Amino acid sequence: MQNCIHCKVRIKGEHIVCPLCAGILEDKGNPKEDVYPHIPTIYQEFNMFIRILILVSIIGVVASIAVNMIFTKESFWSLLVAAGVMSMWISLFFIIRNRNNIAKTILWQVGIISVLSVIWDRSMGWYNWSIDYVIPTVCVLAMIVMAVGAKILKIGVRDLIIYLLIDAIFGFIPAIFILFGWVNVLFPSVICVAVSIISLSALILFEGDNMKTELNKRMHI
């Protein structure tokens, strides 16, 4: 056991500081005596998963830069890809740190970025890049962040139902752009709608029974 000279208590386990006064413990402890179980952090528990995501992000950014330099030197769209990936990781970081109201946080982020991009686009003379590229891309990144966040944070069925609705909203917005002919470049909106349909299908196929049970309990059916 370790002794704290300030608190005059004996402490089981192997600690650097006293859990009561945070004073430095000079004696060496025995880890086998520790009465508290080791609880890994999210980053420790999903270390390999996060590393794989980082590697995929790096590959995506490097590949986009290479394709941009080889085939389309006249534009710098790869910088938008890099900025999007960076924004995704920043958003995921804040979501993991603030686990409460994840859906609300994502909706606010998407809403603010979309509104600011439209205002910026209009102030430049309206080149339509906010609707063609930014809003569909932000919606796709938000759906990816929600999927990764759900995996890491192990969210409950009630939150999955909210995610289902948000995925539907993110797919509905670009679909409206396409139907009304507001887009000049079609593929970002089409990709966004496709990702939304895939996300909705995955949620319904793998969590549909659990969500149905939760809805039955909530509605007293």
Subset of the range 155-168, residues in a helix (DSSP H, G or I) and without any contact (Cβ under 8 Å) to a residue 40 or more places away in the chain, comes to 165, 167, 168
Options 215, 203: the member that is in the same structural domain as residue 54 (by TED's automatic domain parsing), assigned to a helix (DSSP H, G or I) and surrounded by 14 or more Cβ atoms within 10 Å (Cβ to Cβ): 203
Please tell me if residue 110 is closer than 16 Å to residue 174 by Cβ, touching a residue at least 24 places away in the same chain (Cβ under 8 Å) and either out of contact with any helix residue (DSSP H, G or I) (no Cβ under 7 Å at 6 or more places or on another chain) or crowded, with 16+ Cβ neighbours inside 10 Å (or both). yes
Six or more apart or on different chains, Cβ atoms under 8 Å: show the pairs whose first residue is in the range 83-97 and free of Cβ contacts under 8 Å to residues at least 12 places away in the same chain and over 19 Å from residue 151 (Cβ atoms) and whose second is of a type in the set (A, V, I, L, M, F, W, C) and surrounded by 12 or more Cβ atoms within 10 Å (Cβ to Cβ). none
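Residue by residue, here is whether (1) in a helix (DSSP H, G or I); (2) modelled with pLDDT of 85 or more holds:
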residue	(1), (2)
65	yes, yes
75	no, no
95	yes, no
99	no, no
104	yes, no
Of the residues 152, 131, only one is assigned to a helix (DSSP H, G or I), in contact (Cβ under 8 Å) with a residue 60 or more places away in the chain, closer than 22 Å to residue 85 by Cβ and not polar (S, T, N, Q); which? 152
Using the structure shown, decide if residue 116 is under 22 Å from residue 172 (Cβ atoms), assigned to a helix (DSSP H, G or I) and either touching a strand residue (DSSP E or B) at 6+ places or on another chain (Cβ under 8 Å) or among the aliphatic types (A, V, I, L, M) (or both). yes
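The values are calculated or read from the model by the stated rules, or taken from the named source; none is laboratory data. All values derive from a computational prediction rather than experimental measurement. Don't worry about glycine lacking a Cβ; one is built from the backbone with ideal geometry, like all the others, and counts go over all protein chains shown.
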